Amino acid sequence: KGITACDESAGTIGKRFEAVGIDNTEENRRQYRQMLFTAPGSEKFLCGAILDPETLLQKSNDGVLFPQVLAKRSIVAGVKPHLKIYTLPGTGGDTVMQGLDSLAVRCKEYYYAGARFAKWRSPLVIDVPNGRPTDLAIKAQMSDLARYALICQSEGLVPIVEPDVSLSGSHTLEEAIAVNMKVLSTLFKEMIDHGVFMPGATLKSNIINPGKDCPVSYSVEDIGKANVAVLEATFPVAMKTANYLSGGQSLEDASARLSAINKQNKNGPWNLSFSWSAALQLPLLELCKDKDGKLQLDEMRKLYVEELKVASAAATGTLQQCSVENGSHMGTSKNIAASDGGGSTKRRKIGE
């Protein structure tokens, strides 16, 4: 089972709605989230749902608060407690999240409203020529995640820590491995130094990938091996599970890569599953295009459960791929030196 991420702010979900002709009203947001929470059969593939604070306080058509709706289906409700992002001065564009000062008070409110876990995202971007992410940004972000985790535990919430290294850029898989290794090792040291109870915390991390514009091609097996190697080098065995975010990947690519990671994970004791938003939701919203601004709730429910079946198979390493290219990174043609005489981009294996 995995975690469905339904914690988009009104602004973020509004952009997705507007792209398919849906008005961004509170009622449309409520109906849409209700569909995600009540789709028949979804409870077979989900153990948790991350909610935006607005959604945490909304009710179903029957007048039942959404956390209670989820609980009746054995799905635990969580919440996104971080606030706005801002630029960290002196880093050339690296960012940090706001919200720690008021976190303890808000965690009390979230617990009372029915949340039992929280998720804090710390976004980072790899920009090798400009030296990003900077050491300062990594230290600041991971320290904030550790302090957030400690505050959550003190208020009865299980913290999910989410270091999110972006898929954007032209970095190679090897460069992504180096950055993610540094980010995760810094995170876990900060958590231990802060006194976080490690068995009572969970990781939500990006799948380690080459940048979207990387000229070098990698197979899905290369990507699976890279992720397992980083886990084995950094991830404490005291933490029992990691749920990968989709981070701009399609459902096909994210599922193929998650399945490859689970196939490669021979030694790790962890449960490696999914916590996806866009990969699951964007195909659902496509069903609403040219439908006079109406949410196609029945069709969306059916597709959502089919998507969750795919994600669940990936979480057990049993996904049957429809294409050998699913999950592989096909290098761009920008780097002529990486192309052979026929113009195709060469594939590099890890270690070459």
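The values are calculated or read from the model by the stated rules, or taken from the named source; none is laboratory data. If you're wondering where the values come from, they're calculated on a predicted model, not measured in any experiment. Neighbour counts are summed over all protein chains in view; Cβ atoms, including those assigned to glycine, are modelled from backbone coordinates with ideal geometry. Side chains are part of the model used for accessible areas, which takes the heavy atoms of the whole protein and leaves out ligands, DNA and RNA. Shrake-Rupley method; radii C 1.70, N 1.55, O 1.52, S 1.80 Å.
Only Cα pairs under 8 Å and at least 6 apart count here; give the relative contact order of the stretch 1-114 as a rounded whole percent.
Once divided by the residue count of the stretch 1-114, the mean separation gives 24 percent.
Given a Förster distance of 35 Å, report the FRET efficiency between Asn130 and Asp193 from their Cβ-Cβ distance, rounded to the nearest 0.05.
That pair, Asn130 with Asp193, gives E of 0.75.
For a Förster distance of 41 Å, can you work out the FRET efficiency between the beta-carbons of Leu57 and Lys240, rounded to the nearest 0.05?
0.85
Using every pair of alpha-carbon atoms in the stretch 246-333, split the distances into 5 Å bins beginning at 0 and state the percent of pairs per bin, rounded to integers.
Spelled out per bin, shortest first, that is 3, 14, 21, 20, 17, 12, 7, 4, 1, 1, 0.
Between Ser185 and Leu88, with labels modelled 7 Å along Cα→Cβ, what's the label distance in nm to one decimal, could you check?
1.8 nm
With every atom except the alpha carbons ignored, what do you get for Rg and Dmax of the stretch 140-187, in angstroms?
Over the stretch 140-187's Cα set, Rg and Dmax evaluate to 13.4, 41 Å.
Hey, can you rank 172-182, 246-256 by average C-beta count inside 10 Å, highest first?
For the peptides 172-182, 246-256, the packing ranking is 246-256, 172-182.
How much solvent-accessible surface does Glu27 expose, in Å² to the nearest 10, with a 1.4 Å probe and all protein chains in place?
My reading of the accessible area for Glu27 is about 80 Å².
Compute, for the stretch 1-71, the length of the dipole vector about the Cα centre, with Cβ point charges of +1 (Lys, Arg) and -1 (Asp, Glu) only. Units Debye, rounded to 20.
Dipole about the Cα centre, nearest 20: 240 debye.
Find the Rg to Rh ratio for the stretch 1-117, where Rh is the Kirkwood radius over alpha-carbon pairs and Rg uses the same atoms.
My calculation of the ratio gives 1.02.
Take every Cα-Cα pair in the stretch 81-157 and report what % of them are more than 14 Å apart.
61 percent
Given a 1.4 Å probe and the protein chains all in place, what does the accessible area of Ser102 round to, in Å² to the nearest 10?
Roughly 50 Å² of Ser102 is accessible to a 1.4 Å probe.
How do the peptides 224-231, 93-100 rank, highest first, by the average count of neighbouring beta carbon atoms within 10 Å per residue?
224-231, 93-100
Taking semi-axes √(5λ) of the Cα gyration tensor in Å as the quantity of interest, determine which of (i) 92, 35, 26; (ii) 31, 26, 20; (iii) 59, 30, 24 was computed from the displayed structure.
(ii)
For the chain, with every protein chain kept in place, what is the accessible area per residue (1.4 Å probe, Å²)?
In whole numbers, the chain has 43 Å² accessible per residue.
To the nearest 0.05, what FRET efficiency results for Ser102 and Asp290 with a Förster distance of 41 Å applied to their C-beta separation?
Calculated value: 0.45.
Antiparallel versus total DSSP beta bridges in the chain: what percent is that, nearest 5?
Just about 20 percent of them are antiparallel.
Kindly provide the pair-distance distribution of the stretch 44-111 built from C-alpha pairs, with 10 Å bins from 0 and whole-percent values in order of increasing distance.
Histogramming the stretch 44-111 at 10 Å steps yields 18, 38, 25, 14, 5, 0 percent.
Amide H neighbours of Phe274 under 5 Å, counting only residues 5+ apart in sequence or on other chains, H built in-plane at 1.01 Å?
Amide H to amide H, under 5 Å and 5 or more residues apart or across chains, Phe274 pairs with Ile3, Tyr244.
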